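Structure record follows, encoded as structure tokens.
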Amino acid sequence: MVSLETAIGSVTTSVAGLLTPSEVTEKHCTNKIDASQENHQTGFAYSWPTWARTARIAGAYFAPGNSAAALSARLDALAAQQVSVVLADSPWGQQYAVWANDKKFVAVRQVIAKVVQKAHARGLKVVLYQTGLELLANPTRNPGKEHPEWAQVALDGTPLLFNNIRQEETHWLQKGIWDLWVSPATFQTYALARVRAMVATGIDGLWVDQVYLQSSVGDHHELWPSSDPCSAAAFTRATGLPLPTVVDWDNPVFQRWVLWRHDQLADFLLAIKAAARAVNPNLVFFNENSSVDTGRATYVGNDPTRYLAYPDMSTGHEVETIADRMDRGETGMKGATLDQWLSFRTMIAFARGADVGKPSWILTYGYEPRDSAQLAGLVLAEGANFYETKGPQMADTVGDAFRTQLFAWIADHEDAFYASESAAEVGLLYSPRTRDLLDTVSGEPYDIQNSIHFAAYRAVANLLYRAHIPFDVVIDTNLAAFARYRVLIAPEIQSMGDLTLALLETFAGTVISTGATGRYDEWLTWRACAVLTGAKRVQLEAVGDNILCKANTHLLTTDAPPAMQLGLRRHTTGYTLVVVNTATTPTATATVTLRLQQQEVVTDIQFAPLNASRGTLNFTQAPDEATVQLMLPSGIETVAVVNVAVTPAGWSS
């Protein structure tokens, strides 16, 4: 989501001045990735800095007209609120005029250089927000006349340049503002020069938003872009196939094109990262993506799971709340049902599954301190980083005092949250290929729609969370992760590659599959033989309560109600239990029993709620069993952390 402050202007009318497809020539195309410093091999060494793994994130907007005193005051306030990373927006964030004009660009670059200097003096890191493929222009300046070759082109030949989108339809636009979606095949070379110059200001990282092949904006729907001549030629070079002309999910060429669009956007982002890293090898790089586990990734082309293999590139996940017009800051998660809270938590678990080994920064929108604290709790329960703000602004807050209290509390327990990993013994598999080819564009953040795999996967997650069975979301192509679990669940993963299928067949633990899992390969070729059979293979016709007894490893047992969500993490000194109260009233007491590793002895349990006194909890460790039982006190308003110290302490991530 972009700040309203990056949008300019007010009235005008329609589309004009674009080149026709036949007028775009080879000279306009990006013929290859400009990635001289890029290591495209997977598995190369990269170490994320500690500050990125422990980030407490807030946004701020900076412009050339800001005085030195104003910049200092803004940064002083953020430092006082216990922010550690500033997501810095500016007119460069999305304004066409700043991207296209050297003088305006230099002015913004100079103010960012001042911000970096002042922020570093206060111990703050600066990660700069930039647009990826969307540019906004004043009504008097039609970018289609200046750079007609830049526009994305829909499958029906429509250029993606609009000025008739009302704010009621898309909050960051107003009627009259030109909204140009640029093609990665024609914009890349120009963009890289701007990125290199901005990175030279000394910023600590880049956050690249709107890298989408925008298929729906305002009242313009079903666009399916990446049909411009340069993209069409690139698709044919890569696949030997002609560009499809209509949306047809039964057409293998259209299916192949949908999958190729993921590669096109990934290559664009890799090139941006390479250009930035050539200037600053230590820079951190995040791609903002609002798709999470939904069908949106298929629709806009940018798939967070596509970056699993790149250890130096992660995602800033924008995760919607349930609010009607979230972008207006109305209600946030206030009034959310338990199912909606569990959908939110599943999206965070997906983010961690897509970002294995890397930090996940979660941009979401609170309404009041209570629901913001609950959102933060579920983010922390999965080991992700919370970006505190209030919709629609990336630079707002639900309250200065609240942010200060929350971030100070997180800082006090950052080792428990971030020098740790999930203790889960159950992995819930998620299949991007089944999402793309069978669910197509079904599935939204809080609505399973008519999906197959997505509906089954969300149903399993809901059951596991309600039963307090710790689990991780595991991407089904992340084969290296399978061995760390005792149970793997494959919910309606109908499209599955041979390598994934073979590993599940030989998996040492229990594999639970539902429906027609494994019936097709990754190209939707039917497998005639039955799959996933054997002594430890559990095949269920559909998702139901019976999955719980098959999946439960009895790692954690509790009488806590489902509204009290628990996250279990393991670290060098023991365990951390993150307790999140999703209800509207304080919790009652609850008993928790934790199965320990062999020879572990509990020495101390500390309890620290967000907004109440800390203390020591009594516990009982069974002398002949590797379990410890503790009682969670009543009165948890939103979130608390329980640190269980054990000896010997031999775990390492």
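Quick grid of which residues meet (1) open to solvent by less than 30 Å² (accessible area, probe 1.4 Å); (2) farther than 22 Å from D396 by Cβ:
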residue: W48; (1), (2): yes, yes
residue: A68; (1), (2): no, yes
residue: D76; (1), (2): no, no
residue: A80; (1), (2): no, no
residue: Q94; (1), (2): yes, no
Open item on the list: Scan region 218-226 and tell me whether some residue there is open to solvent by less than 40 Å² (accessible area, probe 1.4 Å), under 27 Å from T131 (Cα atoms), touching a strand residue (DSSP E or B) at 6+ places or on another chain (Cβ under 7 Å) and at pLDDT 95 or above.
Closed with: yes
Open item on the list: Out of the residues in region 603-627 meeting the condition of being among the small types (G, A, S) and modelled with pLDDT under 95, tell me which one is least open to solvent (accessible area, probe 1.4 Å).
Closed with: A622
Task: Search result, residues across region 128-146 that are under 25 Å from N287 (Cα atoms) and in a loop (DSSP other than H, G, I, E, B) - done: G132, L133
TODO: Please indicate, with yes or no, whether at least one residue in region 405-413 is of a type in the set (V, I, T), within 16 Å of Y299 (Cβ to Cβ) and either at pLDDT 95 or above or open to solvent by less than 20 Å² (accessible area, probe 1.4 Å) (or both).
DONE: no
Task: Given (1) open to solvent by 60 Å² or more (accessible area, probe 1.4 Å); (2) on the phi > 0 side of the Ramachandran plot, index of the condition G574 fails - done: (1)
Open item on the list: If I ask for residues that are at pLDDT 95 or above and of a type in the set (G, A, S), which ones from region 358-404 would you list?
Closed with: S360, S372, A373, A376, G377, A381, G383, A384, G399, A401
Open item on the list: Take the residues in region 228-269 that are open to solvent by 50 Å² or more (accessible area, probe 1.4 Å), β-branched (V, I, T) and in contact (Cβ under 8 Å) with a residue 40 or more places away in the chain; name whichever of them is farthest from H28 (Cα to Cα).
Closed with: V247
TODO: Determine, yes or no, whether F507 is buried (at least 18 other Cβ atoms within 10 Å of the Cβ), modelled with pLDDT under 95, over 15 Å from V543 (Cβ atoms) and not charged (D, E, K, R).
DONE: yes
Task: Test: T517 is closer than 28 Å to L259 by Cβ and either of a type outside the set (K, R) or modelled with pLDDT of 95 or more (or both) - done: yes
Open item on the list: Which residue is nearest to V111 (Cα to Cα), if the candidates are limited to region 167-212 and must be outside any strand (DSSP E or B), aromatic (F, W, Y) and under 23 Å from the mean Cα position of the chain (by Cα)?
Closed with: W172
Task: Enumeration of residues in region 516-550 that are surrounded by 13 or more Cβ atoms within 10 Å (Cβ to Cβ) and either at positive phi or in contact with a helix residue (DSSP H, G or I) (Cβ under 7 Å, 6 or more places away or on another chain) (or both) - done: G518, D521, E522, L524, V531, L532, V538, L540, V543, I547, L548
Open item on the list: Looking at I272, I322 in this structure, which one is open to solvent by less than 10 Å² (accessible area, probe 1.4 Å) and either on the phi > 0 side of the Ramachandran plot or in contact (Cβ under 8 Å) with a residue 40 or more places away in the chain (or both)?
Closed with: I272
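The values are calculated or read from the model by the stated rules, or taken from the named source; none is laboratory data. Since this is a predicted model, take the numbers as computed values, not measurements. Cβ: placed from backbone, ideal geometry, glycine included. Neighbour counts: every protein chain shown. Note: accessible area is taken over every heavy atom of the protein model, side chains too, but ligands, DNA and RNA are not part of it. Shrake-Rupley method; radii C 1.70, N 1.55, O 1.52, S 1.80 Å.
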